[in-house]
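Chemist: Structure in structure tokens, see below.
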Amino acid sequence: MSVPFLSGANVHAALGPSEALDAVRTAFIEHARGNWVMPSKVYVQAPDGDFRAMPAAGAGYAVLKWVTSFPGNPMRGLPTVAGVVLLSDASTGQLRAFLDAGAVTSLRTGAAAVLAAETLARADAGAAAVIGSGVNGRAVARTFVERSRPVLLWDVRPEQAMALAEELGDGASVAVDRAEALAADIVVTVTPGAQVVFEPGSLRAGQHASLMGADGPGKAEIAVEELLRARVVCDEWDQASHSGDIARAALGGLLGRDDVAELGRVLLDTEEGRRNDEEITVFDSTGLAVQDLAVALAVYERWLPNRDSTDFVGVSEIEL
């Protein structure tokens, strides 16, 4: 039996940012309806990072993502995120494809950040700022630009932000400083989560923030005091309340399930998102395996009838 391995280049050739956003929207909605299921992700700690196992099932398929997060890797010339996504037929258990986990992760991270912003920001919100120009930050910025929203970039490594702005062209520019980026109507943080970005009192009325970096225990991009000033929406309460930005507030009894909405339920209109133009909204993303399932399945279904296309030259077959 041979199984295709779809590289990062193959994944990006198969699915654009807006298509990934549509797939991720489906994942949130189907998970909220109970049709797509997943346990919370499992973490295995390592001295300089962690390993994560993320299973999910839905739409006749099951997925397992085995992925790493090693924030110091760029200093070694290595990617922060690496791993593999295994896509299987849920009817027979047969493995259908391997996919590059870094590419799947970046696509769904960009999609989730922008979907949350489009759902929760004010209707008249202007430019979006992206704090962090690594692989996932680039995906967020690229998704905003493709969806015709101007984006302002900032990174502790100015050359990274400048290179990304040049790559994206019209619609992207580099912030003068971090303060300018943090003042945008929409702010997306895509940092390692080792330092708080939003200190107490830093968010202004009407802003929206998508927090994408605090995706594991001990990480944080926002102060608890600032979180409590906002209307908080998470990707999934069970997972986020243990490993997201809301975890400290939840464990301290400052936030409960009734205080926090889930994005899928907001999309279904069964829970409230933004309630007025003056409200601060915050999306706490920990990254859901159902999002990986949605993107992996969309890529596979694009590849299957087009396997001989020039877009998929170099797809290798792994003999099992």
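Chemist: What are the residues in the stretch 121-137 that are part of a helix (DSSP H, G or I) and crowded, with 24+ Cβ neighbours inside 10 Å, if any?
Modeler: Across the stretch 121-137, the qualifying residues are Asn136, Gly137.
Chemist: Give the number of residues within the stretch 1-35 that are under 14 Å from the mean Cα position of the chain (by Cα) and either more than 12 Å from Leu268 (Cα to Cα) or among the hydrophobic types (A, V, I, L, M, F, W, C) (or both).
Modeler: Step one: list which residues in the stretch 1-35 are under 14 Å from the mean Cα position of the chain (by Cα), which gives 17-18, 20-25, 27-28.
Going one step further and asking which of them are either more than 12 Å from Leu268 (Cα to Cα) or among the hydrophobic types (A, V, I, L, M, F, W, C) (or both), we end up with 17-18, 20-24, 27-28.
Count: 9.
Chemist: Within the stretch 264-284, can you find the residues that are in contact with a helix residue (DSSP H, G or I) (Cβ under 6 Å, 6 or more places away or on another chain), acidic (Asp, Glu) and over 17 Å from Ala111 (Cα atoms)?
Modeler: Passing the criteria: only Glu271.
Rundown of residues vs (1) within 21 Å of the chain's Cα centre (by Cα); (2) aromatic (Phe, Trp, Tyr); (3) part of a helix (DSSP H, G or I), yes/no style:
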{"residue": "Glu279", "(1), (2), (3)": "no, no, no"}
{"residue": "Gly287", "(1), (2), (3)": "yes, no, no"}
{"residue": "Gln291", "(1), (2), (3)": "yes, no, yes"}
{"residue": "Ala296", "(1), (2), (3)": "yes, no, yes"}
{"residue": "Arg302", "(1), (2), (3)": "no, no, yes"}
{"residue": "Glu317", "(1), (2), (3)": "no, no, no"}
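Chemist: Quick check on the stretch 219-256: of everything there that is free of Cβ contacts under 8 Å to residues at least 24 places away in the same chain and part of a loop (DSSP other than H, G, I, E, B), which residue is surrounded by the most Cβ atoms within 10 Å (Cβ to Cβ)?
Modeler: Here is the first cut: in the stretch 219-256, the ones free of Cβ contacts under 8 Å to residues at least 24 places away in the same chain are 241, 250-251, 253, 256.
From what is left, the residues that are part of a loop (DSSP other than H, G, I, E, B) are 253, 256.
Details: Gly253: 7, Gly256: 11.
Ranking the candidates gives Gly256 first.
Chemist: Check Ser2 against each of (1) at pLDDT 95 or above; (2) at negative phi and name the one condition it does not meet.
Modeler: Among (1) at pLDDT 95 or above; (2) at negative phi, Ser2 violates only (1).
Chemist: Counting only residues that are touching a helix residue (DSSP H, G or I) at 6+ places or on another chain (Cβ under 9 Å) and farther than 30 Å from Leu268 by Cα, how many does the stretch 44-65 have?
Modeler: Total meeting the criteria: 2.
Chemist: Can you tell me which residue within the stretch 70-94, out of those that are under 19 Å from Val290 (Cβ atoms) and crowded, with 16+ Cβ neighbours inside 10 Å, is farthest from the chain's Cα centre (by Cα)?
Modeler: Ser88
Chemist: Another question about this same structure. Tell me yes or no: at least one residue of the stretch 100-111 is among the charged types (D, E, K, R) and either under 19 Å from Val299 (Cα atoms) or assigned to a loop (DSSP other than H, G, I, E, B) (or both). Please lay out each step first, then the result.
Modeler: The initial filter retains those residues of the stretch 100-111 that are among the charged types (D, E, K, R), namely 100, 108.
Restricting the remaining residues to those that are either under 19 Å from Val299 (Cα atoms) or assigned to a loop (DSSP other than H, G, I, E, B) (or both) gives 100, 108.
Within the stretch 100-111 (the criterion being among the charged types (D, E, K, R) and either under 19 Å from Val299 (Cα atoms) or assigned to a loop (DSSP other than H, G, I, E, B) (or both)), the answer is yes, since at least one residue qualifies.
Chemist: So is Ser210 at pLDDT below 95 and either within 19 Å of the chain's Cα centre (by Cα) or at positive phi (or both) or not?
Modeler: Working: at pLDDT below 95: no; either within 19 Å of the chain's Cα centre (by Cα) or at positive phi (or both): yes.
Judged against the criteria, Ser210 is not a match.
The values are calculated or read from the model by the stated rules, or taken from the named source; none is laboratory data. These numbers were taken from a predicted model, which means no experiment stands behind them. FYI the Cβ positions are ideal-geometry reconstructions off the backbone, even for glycines, and counts take in every protein chain you see.
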